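We did not get these values from a lab; they are worked out from the coordinates using the rules stated. For clarity, every value in this text was computed on a predicted model and none was experimentally measured. Ideal geometry is used to build each Cβ from the backbone, glycine not excepted, and the neighbour counts take in all protein chains shown.
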Amino acid sequence: MRLATIQTPNGPRAAMLQDGDYIDLHATRPDLPVSVRELLAAGAGLLRSAAEAAARPDAVRYPAANVKLLAPIPDPPKVLCIGLNYRDHAAESGAPIPREPVLFSKFATAIIGPGEAIRLPAVSKEVDYEAELVLVVGKKGRHLSQATAMEHLAGCTIGHDVSARDWQLKKDGKQWLAGKSFDTFAPIGPTLVTLDELGDPHNLSIRLRLNGQTMQDSSTQQMIFRAGDLLAYISQIVTLEPGDLIFTGTPPGVGFARKPPVFLKGGDVAEVEIEKLGVLRNPVVQE
């Protein structure tokens with residue numbers, strides 16, 4: 001199934017995309033949660049109920065062309081990110097292949113949805129683009145084993161890990177959290193595609209276009225640490241919760257590694273496309 005958060009006259013609502021329409025699940029069946037995160041937390045049984053509600057002839061539908069999409073999970077408990085997780089990107093960066101996942105995070109205030117503007121902060125002159133597959137946690141867990149970790153994954157969405165390289169790499173001591181966490185620096189969407197529809201998340205084409213020009217073009221086959229590896233590893237440190245987002249790293253072609261470097265500027269349009277997940281499109285404006 002494809003889950004989304006849509007803007008309705010009654011506020012943001014969990015929705016399911018079906019036959020070109022977004023079904024407002026709570027309006028169709030008021031005992032269903034109003035948010036995607038609450039829907040995931042309620043478990044597989046309620047997800048089946050949501051699918052049944054979406055199939056009803058009296059379901060409250062909004063044509064996709066008329067819907068304002070928000071981030072599918074606009075209120076994640078945690079936003080976790082993995083650095084240097086593509087073999088071809090590590091080679092591009094001149095970095096050795098990591099022996100363990102490289103972790104950092106973003107603040108939830110960086111989250112925006114499809115079509116919302118990435119705002120370039122006045123205090124940064126080197127803002128970069130990074131296409132990423134994002135894992136969405138569906139079930140709470142701690143100290144997960146490799147054998148059971150994937151049971152805690154609800155599905156995937158598209159992410160754009162926007163990065164202020166001058167803050168991330170050139171400040172004293174380096175400032176990964178600051179460079180990655182400016183407001184609007186974590187677009188996600190358009191929908192959350194559950195694993196039963198997505199299938200294997202490790203064999204998907206992934207690319208980023210900037211103003212129509214392809215800048216990144218690779219496959220999730222290049223991931224060093226796969227979804228189960230990441231879930232198990234992170235769960236040693238923190239409790240995974242429904243709605244947590246895990247940005248899984250970016251392929252080669254990023255701006256700072258190019259000669260000359262290419263950084264985002266006001267008026268740009270960035271599109272991240274991942275096979276089976278769709279396209280995440282965001283304009284860029286100068287703050």
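For this structure, a couple of remarks:
- Cα lying deepest toward the dipole's positive end in the chain, options MET150, GLN175, THR8, charges on Cβ: GLN175
- Based on Cα contacts under 8 Å between residues 6+ apart, the stretch 78-119 shows a relative contact order of 48 percent.
- Residues LYS276, LYS78 in ascending order of nearby Cβ atoms (within 10 Å, fewest first): LYS276, LYS78.
- The chain, relative contact order [Cα under 8 Å, separation at least 6], %: 24 percent
- Reported to the nearest whole Å, the Cα centre-to-centre distance from the stretch 75-125 to the stretch 20-38 is 30.
- Peptides 132-139, 27-34 ordered by average Cβ neighbours within 10 Å, highest first: 132-139, 27-34
- Filter on LYS78/LYS265; LYS125/LYS276; LYS68/LYS139; LYS171/LYS265; LYS140/LYS170 - keep pairs with C-alpha separation over 32 Å: LYS125/LYS276; LYS140/LYS170
- With contacts taken as Cα pairs under 8 Å and at least 6 residues apart, the stretch 172-252 reaches a relative contact order of 21 percent.
- Rounded to the nearest 20 debye, dipole of the chain from Cβ charges on Lys, Arg, Asp, Glu: 480 debye
- Set of aspartates and glutamates near LYS180 by C-alpha distance (under 13 Å), chain-local residues within fewer than 8 positions excluded: GLU126, ASP128, GLU130, ASP161, ASP166
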